[in-house]
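The values are calculated or read from the model by the stated rules, or taken from the named source; none is laboratory data. In this text the structure is predicted, and so the values were computed from the model without any measurement. Note: ideal-geometry Cβ built from the backbone for every residue, glycine included; neighbour counts use all protein chains shown.
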Amino acid sequence: MAQRPNFNRTRTSTFRPFLANDTNQSNDSNFTFNRNSFDDDPDSMFYLLTALIIPSFLCFAFLFYNFIRLPQLRTKSTNLLIICLLINNFIHIWVDLPFRLYFLFENRVPFSNPTYCLIWTCYDNILTTTDLLIMAFTSIERYFSIFHHFFLHKHERLFYHIPIILCFLVPATWYTVLIFAYPCQKTFTYSTFQCGPVCYLTSSQVLVNIENFGFFMFPLFVIVIGNTTLIICVIIQKASMKRKLRLSLWRNNLRMISQLMFIAVLYMSIYVPSCILLIFSTYVQRTRFQPWAAYVRNNYFIHLKYIVIFGCPFMVLAGQKEMHQKIKNLFARTRCQRRVRRKTDIHPLTMMNTQNRKE
């Protein structure tokens, strides 16, 4: 039975063959493309992800330190979902990235064990979906926080605690049941990313469509439309605020959406192209573009989501005005210490210095 792509994988999952000459040809068209461009430099993605680890970890550490040390930031309602987003991405790095880097470098999964393959696939899908759902709900929450503040405050539990639980519980239940309990024949290829696609993707097009639309396209649609609507509404709001001499409130609203906008642009820059490629590789049949779209998603975008994960703390930091002052103070303190050190440095006397003094 033909393999059906879903948003986390494509038709054959990520495969890095050991043979030098390899082509990929679609059954639905006569379009053939050469895969050697990727195979000639198989470690490019490995080095890209490795180069981003240390800067991202430093930014994560700075954010967590300040959120823990400054209760006014930690308890701020608008930061609650942002903190959940950071925690989810930080966990994703720790539990997934080492295995992903090993695969990119060694051409095979770290452990040739079926249980390991299923567990890795399961929590990677759960964390990816949770990340998108939290980001989508953050876009909705920010709209209510600006334009329906009293309603949001009155139903705080409804808008914060319950959705956060559901954002994790729904994908966790879905993937755990389908990956471990769905009745289908499981096969594992250890030279393929995460040992190949999970078997339920070959058994039911309905399940594939639910994943693609419910766990990927719909959250992405909410992120794009929600943030676009926020920008338009805040711009329109400026005129009425100006008439009522409440521009300070408008500036505060603008700052609130700018905090989210930095993160939203990062997510859209990776996931919107990935969604377009998914549509062409899965739902647009008999087109010359289909095998190329599947190949690009298969070998690049399945790993490029780490650009979002690594970039998330920097985008969060860009929107935290309170932390900007701490960074300025840190640099000012460092410059001051250098000046003091220069003044207190004792320069040893030399023969030239002694002669100059005598003259």
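Only helices (runs of 4 or more DSSP H) whose full extent lies in segment 290-359 are considered here, and the ones with at least 1 residues that are at pLDDT 85 or above and under 30 Å from Phe105 (Cβ atoms) are 302-318. Can you pull out every residue in segment 262-288 that is farther than 20 Å from Asn298 by Cβ and of a type in the set (Ser, Thr, Tyr)? Listed by number, the list holds a single entry, Tyr267.
Residue-by-condition table, conditions (1) small (Gly, Ala, Ser); (2) surrounded by fewer than 14 Cβ atoms within 10 Å (Cβ to Cβ); (3) part of a helix (DSSP H, G or I):
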{"site": "Val208", "(1), (2), (3)": "no, no, yes"}
{"site": "Glu211", "(1), (2), (3)": "no, no, yes"}
{"site": "Leu220", "(1), (2), (3)": "no, no, yes"}
{"site": "Asn227", "(1), (2), (3)": "no, no, yes"}
{"site": "Ile232", "(1), (2), (3)": "no, yes, yes"}
{"site": "Ile235", "(1), (2), (3)": "no, yes, yes"}
{"site": "Ala239", "(1), (2), (3)": "yes, yes, yes"}
{"site": "Asn253", "(1), (2), (3)": "no, no, yes"}
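Filtering segment 158-183 to residues that are free of Cβ contacts under 8 Å to residues at least 40 places away in the same chain, of a type outside the set (Val, Ile, Thr), part of a helix (DSSP H, G or I) and farther than 16 Å from Cys84 by Cα leaves Leu158, Leu178, Ala181. Scanning segment 195-205 for any residue that is assigned to a helix (DSSP H, G or I), surrounded by fewer than 16 Cβ atoms within 10 Å (Cβ to Cβ) and modelled with pLDDT under 90 turns up at least one such residue. On the stretch given as segment 105-121, residues that are part of a helix (DSSP H, G or I) and surrounded by fewer than 21 Cβ atoms within 10 Å (Cβ to Cβ) total 7.
Can you tell me how many residues in segment 165-188 are of a type in the set (Val, Ile, Thr) and either buried (at least 18 other Cβ atoms within 10 Å of the Cβ) or in contact with a strand residue (DSSP E or B) (Cβ under 8 Å, 6 or more places away or on another chain) (or both)? Even if it seems obvious, please write down each step before you answer.
Initial filter on segment 165-188 (of a type in the set (Val, Ile, Thr)): 165, 170, 173, 176-177, 179, 187.
Going one step further and asking which of them are either buried (at least 18 other Cβ atoms within 10 Å of the Cβ) or in contact with a strand residue (DSSP E or B) (Cβ under 8 Å, 6 or more places away or on another chain) (or both), we end up with 179.
So the count comes out to 1.
Only one residue in Arg142, Arg69, Arg108, Arg157 is out of contact with any Pro (no Cβ under 8 Å at 6 or more places or on another chain) and within 30 Å of Tyr190 (Cα to Cα), so which one is that? Going through Arg142, Arg69, Arg108, Arg157 in turn, just one is out of contact with any Pro (no Cβ under 8 Å at 6 or more places or on another chain) and within 30 Å of Tyr190 (Cα to Cα): Arg108.
Every condition in (1) in a helix (DSSP H, G or I); (2) free of Cβ contacts under 8 Å to residues at least 40 places away in the same chain; (3) over 22 Å from the mean Cα position of the chain (by Cα) holds for Ile146 except the one numbered (2).
Of all residue pairs spaced 6 or more apart or on separate chains, those with beta-carbon atoms under 6 Å, a first member in segment 313-324 that is among the aromatic types (Phe, Trp, Tyr) and a second member that is assigned to a helix (DSSP H, G or I) are Phe314/Cys59. Taking the stated definitions as given, is Phe67 at pLDDT 95 or above, assigned to a helix (DSSP H, G or I) and at negative phi? When the stated conditions are applied, Phe67 does not pass them.
Checking the structure you have, find out if any residue of segment 122-143 is part of a helix (DSSP H, G or I), touching a Cys at 6+ places or on another chain (Cβ under 7 Å) and at pLDDT below 90. No, because not a single residue in segment 122-143 is part of a helix (DSSP H, G or I), touching a Cys at 6+ places or on another chain (Cβ under 7 Å) and at pLDDT below 90.
Considering the conditions (1) over 20 Å from Glu211 (Cβ atoms); (2) touching a Ser or Thr at 6+ places or on another chain (Cβ under 7 Å); (3) part of a helix (DSSP H, G or I); (4) modelled with pLDDT under 90, Arg286 is excluded by exactly one of them, (3).
Of all residues in segment 70-95 being under 15 Å from Lys321 (Cβ atoms) and either basic (Lys, Arg) or part of a loop (DSSP other than H, G, I, E, B) (or both), which is modelled with the highest pLDDT? Here the answer is Leu70.
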